[in-house]
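Participant: Okay, here's the structure, questions in a sec.
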Amino acid sequence: MFDALPDRFAIFQWPAETFTAPPAARHLATSLRAARQCDRFGRAGYGMQFHFEANRAMMQDRSDTFADLIRGIDPGWHAALPDRLATIGRRSDVHGLTIAGNRVALI
């Protein structure tokens, strides 16, 4: 799933919840905000906490649509969004497409 990605990569996340993986799951990714970002179950079953599908346009739309909810989770989100879209967003778009392509190849 993470072939062709660096060991650490930028991706959008809003982890307000987490999960407990079954004992047979293989833990694959973590972040500073959430210990469980990705686990694999068997050959091709994945549980992901981060949003590899979220490109810059989607993040802007979610930020507008869920503005009140986001302010409650991260009060500085909207002020920082333009910079995040220009920096993290550009890298996240590339990393998300890589993960999506890898996922399709697994299927």
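Participant: Let me spell out the model: positive unit charges on the Cβ of Lys and Arg, negative unit charges on the Cβ of Asp and Glu, origin at the Cα centre of the stretch 1-101. What dipole size does that give, in debye rounded to 20?
Facilitator: The calculation lands at about 280 debye.
Participant: On a 0 to 90 degree scale, rounded to 10, what angle separates helix 88-106 from the longest Cα axis of the chain?
Facilitator: Approximately 30 degrees, to the nearest ten.
Participant: With each run of n ≥ 4 DSSP H residues scored as -39500 (n - 2.57), what mean residue ellipticity at 222 nm is computed for the chain after dividing by its residue count and rounding to the nearest 500 deg cm²/dmol?
Facilitator: -13000 deg cm²/dmol
Participant: Work out, step by step, the length gained on full extension between Trp77 and Leu28: first 0.36 nm times the residue separation, then minus their alpha carbon distance; give nm to one decimal.
Facilitator: Extra length from Trp77 to Leu28 when fully extended: 14.9 nm.
Participant: While we're looking at this one, here's another question. Once you put a point 7 Å from the Cα of Thr18 and another 7 Å from the Cα of Ile107, both along the Cβ direction, what distance in nm separates them?
Facilitator: Going from the Thr18 label point to the Ile107 one covers 3.0 nm.
Participant: On to the next question. Return one number: the angle in degrees, 0 to 90 and rounded to the nearest 10, between the long axis of the Cα atoms of helix 77-86 and the longest principal axis of the Cα atoms of the chain.
Facilitator: 60
Participant: Could I ask something else about it? How would Ile88, Ile11 line up from fewest to most surrounding beta-carbon atoms within 10 angstrom?
Facilitator: Fewest-to-most ranking of Ile88, Ile11: Ile88, Ile11.
Participant: To the nearest 10 degrees, how steep is helix 56-65 against the longest Cα principal axis of the chain, on a 0 to 90 scale?
Facilitator: 60
Participant: If you stretched the chain out fully between Arg84 and Leu69, how much longer would it get, using 0.36 nm times the residue separation minus the C-alpha to C-alpha distance?
Facilitator: Additional length available on full extension: 3.6 nm.
Each reported figure results from applying straightforward, stated rules to the coordinates on display, with no laboratory input. Nothing here was measured: the structure is a model prediction, and the numbers come from that model. Note: ideal-geometry Cβ built from the backbone for every residue, glycine included; neighbour counts use all protein chains shown.
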